[in-house]
Amino acid sequence: MNAKRPRSSCQTLRFGRTGDRVSSMTELSMFFHFTCEDGWTAIEAAESIEPKSNAADHADGPKPLIWLTDSETPADTGLCDPARTAIRISLSPAAPARYWTVWTHLVPPANVLGIEGAGGVPSTWYVSDAPVTANHFGKVVRVATGEVLKAAPVAPARACVMS
């Protein structure tokens, strides 16, 4: 029997048809951002998550990003160092998040292979080039112990992400 991995609730909405391929839009109710202990301290002080990762080079040049996921499971992130997934922040969907598989069309292929080759589950990844402010923060949890560091209610907003 396969164990289901925890994920936020999603609903796929179908719209339009191109040949045999059906385009879809996924409506998410929650994102997660993983960070290290020091990262959480900085995020809490700034009251926002700032785009800082330059891992996914944009075709037009460097573009700092925030990495998000729809999975609560640290292993799905592709971050190899467990310290980088020590803290999980739940977030209400904050536009403009883009589904990773859409973003890959804007990234040099070798860069995509390098990022996806690090592991994780790319189908759970999203990126944003805009800060995510504290009003989108929900529960902040120390992953190893389950200790709740902050328990703000997640705003009820929903985001539609092109997939």
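The values are calculated or read from the model by the stated rules, or taken from the named source; none is laboratory data. In this text the structure is predicted, and so the values were computed from the model without any measurement. Glycine also receives a Cβ, built like all others from the backbone with ideal geometry; neighbour counts cover every protein chain displayed. Side chains are part of the model used for accessible areas, which takes the heavy atoms of the whole protein and leaves out ligands, DNA and RNA. Shrake-Rupley method; radii C 1.70, N 1.55, O 1.52, S 1.80 Å.
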* Want the number for residue 145 to residue 55: 0.36 nm per residue separation, take away the alpha-carbon distance, what's left? -> 29.5 nm
* Structure fact -> So the carbon and sulfur contribution to the accessible area of region 102-146, 1.4 Å probe, in percent, is 64 percent
* Would you give the gap between the C-alpha center of region 36-74 and the C-alpha center of region 99-133, rounded to a whole Å? => 12 Å
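Note the per residue figure in Å³ for the convex hull of the C-alpha positions in region 42-81. Intermediate results must be reported in sequence, preceding the final value.
Details: hull volume 4.4 nm³, N = 40.
Output value, Cα hull per residue: 110 Å³.
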* Structure fact -> PRE zone check, label point 7 Å out along Cα-to-Cβ of residue 111, amide N under 13 Å, scope region 29-54, hits 53-54
